[in-house]
Amino acid sequence: MKARDKKTGEIVEIERYGADGSYTMFRNSEGELMNLPVNFYDNYVEIEETEVSIDWEQRRYEIAKEMIPQVFHELTLAIQAGEGIVGKTKMEATAECAVWYADALIAELKKTLKDKEE
């Protein structure tokens, strides 16, 4: 199981701990096996895998990258219809819109995850 050290915030992989929490054996972030006489319950908080596994910045990049062709197409159609872009090039507007879509989707995903945790 994954756990977060309450003092340092480091995420570790718990191998085992005493039933009363009297010792904790874990792999630290560098993969080293540690066996400490510290109480698991006092020093660590178990965390969900999703909390650890989602790299939101990477996800933001991937979503924005996927949105660029569609946004570029829509802006091209808008310009052809006489709807100009004020103060930006078509590429700047495309990038800005793609990131906006990514941020909106990520906000919704985070809200959904938070609702599931409650």
key: Unmet criterion (only one of (1) touching a helix residue (DSSP H, G or I) at 6+ places or on another chain (Cβ under 9 Å); (2) among the small types (Gly, Ala, Ser); (3) at pLDDT 85 or above) for GLY84   = (3)
note = Note on GLY21: of the conditions (1) small (Gly, Ala, Ser); (2) touching a residue at least 24 places away in the same chain (Cβ under 8 Å); (3) under 30 Å from MET1 (Cα atoms), unmet is (2)
task = Test each condition in (1) β-branched (Val, Ile, Thr); (2) part of a loop (DSSP other than H, G, I, E, B); (3) in the same structural domain as LYS111 (by TED's automatic domain parsing) for VAL38 and report the one that comes out false.
result = (3)
query = What is the residue count in region 61-118 for residues that are within 30 Å of GLU48 (Cα to Cα), small (Gly, Ala, Ser) and in a loop (DSSP other than H, G, I, E, B)?
reply = 0
key: Flag for ALA19 being more than 22 Å from ILE106 (Cβ to Cβ) and in the same structural domain as ASP103 (by TED's automatic domain parsing)   = no
request  = Considering every residue within region 83-98, establish whether at least one is acidic (Asp, Glu), touching a Phe, Trp or Tyr at 6+ places or on another chain (Cβ under 9 Å) and either surrounded by 12 or more Cβ atoms within 10 Å (Cβ to Cβ) or more than 30 Å from LEU113 (Cβ to Cβ) (or both).
outcome  = no
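The values are calculated or read from the model by the stated rules, or taken from the named source; none is laboratory data. Keep in mind that what you see is a predicted model, and the values were worked out from it rather than measured. Neighbour counts run over all protein chains shown; Cβ positions are idealised from the backbone, glycine included.
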